[in-house]
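Just below is one structure, and these are the notes that go with it.
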Amino acid sequence: MSGDALALLSTRLCPWLEEPLARLDAARRADRLGSAWLIGGPAGIGQLNLALALASRLLGAAEGAPPALGPADAAAAMRERRVPADHHPDLHLVFPEPDKRTIGIDQVRELSEALAMKGFRGAAKIAVIEPAEAMTPAAANALLKTLEEPSARTFLLLVSHQPHRLLPTIRSRCQILAVAPPTEQEVAAWLGLPAGHPVLSIAGRAPLFAAELMEPEKVRFIEDLSVKFQEICNDRRDPRALAEEWARQDTELALQWLIGRLERSIRRRFADASDSKAVTPAGADPLHNAWRSLPARVLFERLEAAQRLLDRLGSGINVELALHALLVGFRAERGRP
């Protein structure tokens with residue numbers, strides 16, 4: 001993690017994280033803070049920012065309410081969060097290694113050895129693991145001993161976007177802090193965008209994802225995605241060709257965009273169903289309209305498939321083949337090759 005990125009994420013705070021940090025800080029000052037915390041919540045809402053801000057306080061480097069972290073700085077810091085750089089010697093950061101999506105047993109063993117040693121500066125020893133669900137089963141089992149028998153003034157902060165994927169034995173040994181996402185109105189205010197802006201329709205209540213999407217290059221990429229995806233849904237583009245294109249480009253962003261659009265369309269589908277007079281204005285959301293021919297069951301299936309594929313990126317699967325299988329399911333005439 002670059003020094004600037006670490007400093008930003010440790011000393012500044014996204015506004016919607018002020019309340020959970022205040023709760024953790026109150027427990028710290030009262031000496032009631034447990035040694036292991038599972039900080040969970042949807043991706044893109046800043047759990048790592050919260051964990052690092054708490055770590056800064058535990059290490060004696062900060063007090064009081066931190067200044068706000070703005071969208072441009074937040075997006076830049078999150079992009080650089082895994083770039084190696086100097087940091088406090090008693091702060092241990094564990095991420096998947098470059099070009100991998102899992103945290104291996106050797107990384108956890110190295111962490112456990114470091115935490116068993118005396119701290120360099122005495123205030124505390126902190127480990128931040130992000131995302132915790134990326135630990136392999138062997139790595140998670142290796143962490144159990146440290147969770148069960150932590151040394152004095154040792155704190156483990158497990159940041160997770162999918163806490164249910166963690167071993168029950170890991171979850172049971174942590175105090176749970178579920179971080180709620182901000183409202184779309186709060187996200188819009190933070191980003192300085194009007195309600196209904198296209199970025200909000202994609203990212204919803206994931207403000208860090210929304211901040212990343214505001215880069216001009218990504219705005220153009222997403223606009224292109226939307227046009228081509230509508231053509232898939234209307235049987236005017238070959239899914240195989242688009243799968244090949246996505247596999248060469250930013251596959252992760254494309255899947256995040258698709259997941260966000262599916263979640264929003266499903267919510268709108270059921271909102272429409274509850275109001276017999278609700279009609280989506282023609283052209284107001286062409287993709288939502290294109291999906292009206294697909295049963296809600298299919299949208300849920302495609303959402304699950306897209307999330308599963310996103311989780312498996314970097315695991316050695318044939319991405320182009322998996323993308324083709326995903327995209328075929330959106331064609332208006334189901335069952336065509």
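Say whether the condition of being at pLDDT below 85 and among the β-branched types (Val, Ile, Thr) is met by at least one residue in the range 223-235.
no
I'd like the full set of residues that are at pLDDT below 90, under 18 Å from Ala74 (Cα atoms) and not in a helix (DSSP H, G or I), limited to the range 189-203.
Selection gives Leu193 alone.
Kindly evaluate Ala114 against the criterion of being in contact with a Ser or Thr (Cβ under 6 Å, 6 or more places away or on another chain), under 23 Å from Ala53 (Cα atoms), at pLDDT below 95 and outside any strand (DSSP E or B).
For Ala114, the condition - in contact with a Ser or Thr (Cβ under 6 Å, 6 or more places away or on another chain), under 23 Å from Ala53 (Cα atoms), at pLDDT below 95 and outside any strand (DSSP E or B) - is not met.
Mind counting the residues in the range 193-206 that are in contact (Cβ under 8 Å) with a residue 24 or more places away in the chain and surrounded by fewer than 20 Cβ atoms within 10 Å (Cβ to Cβ)? Let's see the steps before the verdict.
Residues of the range 193-206 in contact (Cβ under 8 Å) with a residue 24 or more places away in the chain: 198, 201-206.
Restricting the remaining residues to those that are surrounded by fewer than 20 Cβ atoms within 10 Å (Cβ to Cβ) gives 198, 201.
So the count comes out to 2.
Out of Leu321, Leu309, Leu287, Leu294, I need the residue that is surrounded by 15 or more Cβ atoms within 10 Å (Cβ to Cβ), modelled with pLDDT of 85 or more and either aliphatic (A, V, I, L, M) or under 18 Å from Ala206 (Cα atoms) (or both). Which one? Spell out the reasoning first.
Details: Leu321 fails: surrounded by 15 or more Cβ atoms within 10 Å (Cβ to Cβ); Leu287 fails: modelled with pLDDT of 85 or more; Leu294 fails: modelled with pLDDT of 85 or more.
The match here is Leu309.
Just to be sure before I move on: is Ala138 surrounded by fewer than 14 Cβ atoms within 10 Å (Cβ to Cβ) and modelled with pLDDT of 95 or more in the structure I sent?
When the stated conditions are applied, Ala138 passes them.
Across the range 236-268, which residue is modelled with the highest pLDDT among those that are of a type in the set (S, T, N, Q) and in a helix (DSSP H, G or I)?
Step by step, filter the range 236-268, then rank; the result is Thr251.
Of the residues Leu143, Leu158, Leu147, Leu166, which single one is more than 21 Å from the chain's Cα centre (by Cα) and in contact (Cβ under 8 Å) with a residue 40 or more places away in the chain?
Within the list Leu143, Leu158, Leu147, Leu166, the selection yields Leu147.
In the range 141-164, what count of residues is obtained for those that are charged (D, E, K, R) and either touching a strand residue (DSSP E or B) at 6+ places or on another chain (Cβ under 8 Å) or surrounded by 14 or more Cβ atoms within 10 Å (Cβ to Cβ) (or both)? Break it down into steps so the answer makes sense when it comes.
Of all residues in the range 141-164, those charged (D, E, K, R) come to 145, 148-149, 153.
Okay, now just the ones that are also either touching a strand residue (DSSP E or B) at 6+ places or on another chain (Cβ under 8 Å) or surrounded by 14 or more Cβ atoms within 10 Å (Cβ to Cβ) (or both), so 153.
Residues in the range 141-164 being charged (D, E, K, R) and either touching a strand residue (DSSP E or B) at 6+ places or on another chain (Cβ under 8 Å) or surrounded by 14 or more Cβ atoms within 10 Å (Cβ to Cβ) (or both): 1 in total.
Taking the condition in a helix (DSSP H, G or I), surrounded by fewer than 21 Cβ atoms within 10 Å (Cβ to Cβ), in contact with a helix residue (DSSP H, G or I) (Cβ under 8 Å, 6 or more places away or on another chain) and among the acidic types (Asp, Glu), does Glu186 pass?
Considered against the rule, which asks whether it is in a helix (DSSP H, G or I), surrounded by fewer than 21 Cβ atoms within 10 Å (Cβ to Cβ), in contact with a helix residue (DSSP H, G or I) (Cβ under 8 Å, 6 or more places away or on another chain) and among the acidic types (Asp, Glu), Glu186 comes out as yes.
So which residues in the range 18-41 are more than 22 Å from Glu149 (Cα to Cα) and crowded, with 17+ Cβ neighbours inside 10 Å, if there are any at all?
Scanning the range 18-41 gives Pro20, Leu21, Asp25, Gly40, Gly41.
Inspect all residues belonging to the range 207-219 and state whether any of them is surrounded by fewer than 17 Cβ atoms within 10 Å (Cβ to Cβ), farther than 23 Å from Ala72 by Cβ and either at pLDDT 80 or above or not aromatic (Phe, Trp, Tyr) (or both).
There is no residue in the range 207-219 that is surrounded by fewer than 17 Cβ atoms within 10 Å (Cβ to Cβ), farther than 23 Å from Ala72 by Cβ and either at pLDDT 80 or above or not aromatic (Phe, Trp, Tyr) (or both).
The values are calculated or read from the model by the stated rules, or taken from the named source; none is laboratory data. These numbers were taken from a predicted model, which means no experiment stands behind them. Positions of Cβ are backbone-derived with ideal geometry, glycine not excepted, and every protein chain shown enters the neighbour counts.
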